[in-house]
Amino acid sequence: MPYSKAGELVFISFITIFILVMVCFIIIILFFIQKKQKGFTSDLMAVKANYEKELYKTQLEIQEQTVQEISREIHDNVGQILSLAKLGLGILDLDRKEEAKDSIIEISDILEKALDDLRHMSRIMNSNNISKGGLKKSIEMQVGYIQRGGKFNIQFNMNGETVNLGETKEIILFRIVQEAVNNIIRHSKATDICISLCYLKDLVKLQVRDNGMGFSLNEKISSSSQINGIYNMQHRAKLINAEFQMDSQIGNGTSITVNTPY
């Protein structure tokens with residue numbers, strides 16, 4: 001089939017329009033994120049320390065964490081992909097037909113990757129993931145965020161037959177996972193993260209481990225954000241009558257274990 005210059009121009013026009021549409025879509029997402037963040041800030045300020053409002057606060061923090069991760073993904077992944085596509089179009093030489101053809105195929109692959117990322121973000125923007133997919137699915141999506149970043153080797157293992165703990169317990173357990181992972185990312189200097197969920201006879205055992213630098217449980221922690229993170233996990237575990245355990249040694253990483261009765 002002949003590879004005409006007119007066909008090339010039509011294809012380039014289509015690619016350009018496609019990129020513009022994707023940019024518009026990203027702008028809409030960012031507007032939506034900004035609007036949600038304002039709502040989250042306002043709502044969090046009104047939350048007080050009783051059980052129902054604590055649960056609502058936990059739900060808002062999950063949404064806010066998700067929004068922050070989407071923002072990072074737009075910046076780190078989709079933005080870079082579109083920049084590569086733009087660069088490819090800028091250096092495309094239509095007079096060299098074979099090279100142009102290869103470049104167009106490469107640009108198409110790049111844009112397909114961007115489209116996949118946008119589809120992924122559309123799914124994770126759903127704030128009802130826990131009620132719809134349960135704790136297991138929510139943790140899998142959290143792991144997916146981190147895997148896509150490429151900075152950590154993260155694994156999620158599940159054992160036993162899944163038991164529906166109820167939305168309240170699953171929301172709080174998922175928030176503990178988010179808090180533990182956030183502490184690892186910010187403070188541990190780890191390379192490996194392991195999340196395990198084990199459904200036993202009378203309880204579910206949730207554990208988050210890392211291979212980071214660890215710390216002495218007998219020494220005062222200097223980072224206020226790390227202190228707050230540990231306190232929040234302990235406090236939330238108490239809300240659902242769960243047992244919270246933390247083990248850490250300097251040079252041997254840290255593990256968080258939460259045992260929750262059914």
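The values are calculated or read from the model by the stated rules, or taken from the named source; none is laboratory data. From a predicted model like this one, the values you see are computed outputs, not experimental measurements. No Cβ is skipped: glycine too gets one built from the backbone with ideal geometry, and neighbour counts run over all protein chains shown. All accessible areas refer to the heavy atoms of the entire protein, side chains included, with ligands and DNA or RNA removed. Shrake-Rupley method; radii C 1.70, N 1.55, O 1.52, S 1.80 Å.
This table checks each residue for (1) among the acidic types (Asp, Glu); (2) farther than 22 Å from Gln142 by Cβ; (3) modelled with pLDDT of 95 or more.
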residue: Ala180; (1), (2), (3): no, no, no
residue: Ser196; (1), (2), (3): no, no, yes
residue: Gln207; (1), (2), (3): no, no, yes
residue: Asp210; (1), (2), (3): yes, no, yes
- Does Leu239 fit the bill of being surrounded by 16 or more Cβ atoms within 10 Å (Cβ to Cβ) and within 28 Å of Gly133 (Cα to Cα)? no
Within the stretch 242-257, residues of a type outside the set (Asp, Glu) and open to solvent by 30 Å² or more (accessible area, probe 1.4 Å) come out as Phe244, Gln245, Met246, Gln249, Ile250, Gly251, Asn252
Across the stretch 152-202, the tally of residues that are among the basic types (Lys, Arg) and either in contact with a strand residue (DSSP E or B) (Cβ under 6 Å, 6 or more places away or on another chain) or touching a residue at least 40 places away in the same chain (Cβ under 8 Å) (or both) stands at 3
Looking across the stretch 212-234 at residues that are open to solvent by less than 60 Å² (accessible area, probe 1.4 Å) and assigned to a helix (DSSP H, G or I), the single one that is modelled with the lowest pLDDT is Ser225
Expected output for the stretch 243-254 (first residue part of a strand (DSSP E or B), partner at pLDDT below 95 and surrounded by fewer than 13 Cβ atoms within 10 Å (Cβ to Cβ), Cβ below 8 Å, 6+ apart or cross-chain) is Phe244/Lys238; Met246/Leu217; Asp247/Leu217; Ser248/Ser216; Ser248/Leu217
Exactly one of Ile172, Ile184, Ile176, Ile154 is in a strand (DSSP E or B), crowded, with 21+ Cβ neighbours inside 10 Å, at pLDDT 70 or above and not small (Gly, Ala, Ser), and that one is Ile154
